Amino acid sequence: MNCNIGVIRGDGIGPEIVAEAIKVLDKIGEKYSHTFNYDEILMGGCSIDATGEPLTEGAIEQAKKADAVLLGSIGGDPKTSPWYKLPADKRPEAGLLGIRKALNLFANLRPAYLYPQLKEACPLRDDIIGDGFDMMIMRELTGGLYFGKRETKEVNGKTEAYDTLSYNEDEIRRIAIRSFDIAMKRSKKVTSVDKANVLDSSRLWRKVVEEVAVDYPEITLEHMLVDNAAMQLVKDPKQFDVILTENMFGDILSDEASMVTGSIGMLSSASLNETKFGLYEPSGGSAPDIAGKGIANPIATILSAAMMLRFTFDMDKEADAIENAINKVLDDGYRTIDIMPAPGKDTTGITRVGTKEMGDLICDRI
Ligand code: NAD
């Protein structure tokens, strides 16, 4: 198969971790006879430096022409980088919001999987972890509070601000359908998270999700209030399979779910629209504190490339090959700095490696 991939290396550790994901994709191409063509796209701080804009129309056009986009990470240190002296709509992060909107990427998928080899990094008690957990957070990405009308104004001599949380039934239906489709390939359970006891938008959310569920009789659907969901994630994460939720709740819950897995460097993500197109990126940021040191963990980006193979190119066995290779590398005791055992813990059989070595070790096992 001939696959056209837009590549946004971005800022900070972005170029380092993307290089390893490309190495792994090329290894897959070699082994399974696929051709991966890469088109370099500028976005974020590096685009500001080159063009004055975090995302140009030309970059959007390049992304639209690709079958999928692989993104490293964008942004710098907000305390020291000159990018953060610019108005908000000219900063690196505006590029990310812009590309999501331009490509209509309404469904954000973040798997939270606890690797048994990294159980030590999980902050939860052993009896809570049990045999581990494996969930997929489905977050609506282009509606709700982050895109609604907002204003800051003076009212009777006091400053007042408001934001609007609004969804229409079509926006809810399309993410619900995506979630149920994905749950069908997993453990067939969807937990829809809302605040239906207070919010009108949540009551509509619940109604539409129930309508969609009628077409999926094999799926067990439950509704959970967001405050309870935040508690249940740390009390009993094993109960979840697919968590379906709106933009802001998903923003918060997906970070919480990430933390209970232990390392940001292991967490992939995908943002999809109604076609096969997707934007695939690690969940972490540009990690300016470790950029250029060759120590960043490339696994989240490599797992994001595996998600690309699975969701955009329907290459399940190739995606499995990458995931199995990562498991083997972890079984063999190789760790980047972020997934090393905590100080004072047993390090027998554990070898610390850098970004490039981790990429090579994964390629060797494909
Ligand atoms: P961050 O995720 O970049 O870093 C948080 C901590 O996690 C740091 O200690 C970092 O060293 C560590 N870390 C992150 N990824 C790692 C990896 N692959 N391997 C090892 N350690 C890793 O979050 P932050 O410091 O809050 O943000 C830094 C910059 O990244 C900001 O400009 C922020 O806006 C941006 N950001 C970008 C994205 C994106 O591109 N999608 C997402 C989040 C943050």
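All of the numbers you see were taken from the coordinates with simple rules; none came from a lab. Keep in mind that what you see is a predicted model, and the values were worked out from it rather than measured. No Cβ is skipped: glycine too gets one built from the backbone with ideal geometry, and neighbour counts run over all protein chains shown.
Any lysines with Cα under 19 Å of the K90 Cα? List them, leaving off those in the same chain fewer than 8 positions away. Straight-distance partners of K90: K79, K101.
If the only charges are +1 at each Lys and Arg Cβ and -1 at each Asp and Glu Cβ, what is the size of the charge dipole of the range 34-171 around the Cα centre, to the nearest 20 debye?
That gives a dipole near 420 debye.
Cross-link partners for K207 among the lysines, with Cα-Cα distance under 18 Å and sequence neighbours closer than 8 places in the same chain left out: K189, K195.
Quick one: grab the alpha carbon gyration tensor of the chain, order the square roots of its eigenvalues as a ≥ b ≥ c, and give me rounded if a/c is under 1.5, else prolate or oblate depending on whether a/b is larger than b/c. It comes out rounded by the Cα gyration axes.
Using a Förster radius of 30 Å, what is the FRET efficiency between D163 and E211 based on their Cβ-Cβ separation? Nearest 0.05, please. Display every interim value, and only then the final one.
Details: r = 27 Å, r/R0 = 0.92.
It comes out at approximately 0.65.
Of the peptides 282-290, 336-344, how do they stack up when ordered by the mean number of other Cβ atoms within 10 Å, highest first?
Descending packing order for the listed peptides: 282-290, 336-344.
In loop segments of the range 99-173 as defined by DSSP, the trypsin sites (Lys or Arg not before Pro) with at most 12 further C-beta atoms inside 10 Å of their C-beta are R125, K149. Sites counted here are GluC sites (Glu not before Pro) in a DSSP loop (not H, G, I, E or B) having no more than 13 other Cβ atoms within 10 Å; the longest part of the chain that contains none of them is 1-217.
Does the range 13-140 come out rounded, prolate or oblate by the C-alpha gyration tensor, with a ≥ b ≥ c the root eigenvalues, rounded set by a/c under 1.5 and, if not, prolate when a/b is larger than b/c and oblate if not? The shape class here is oblate.
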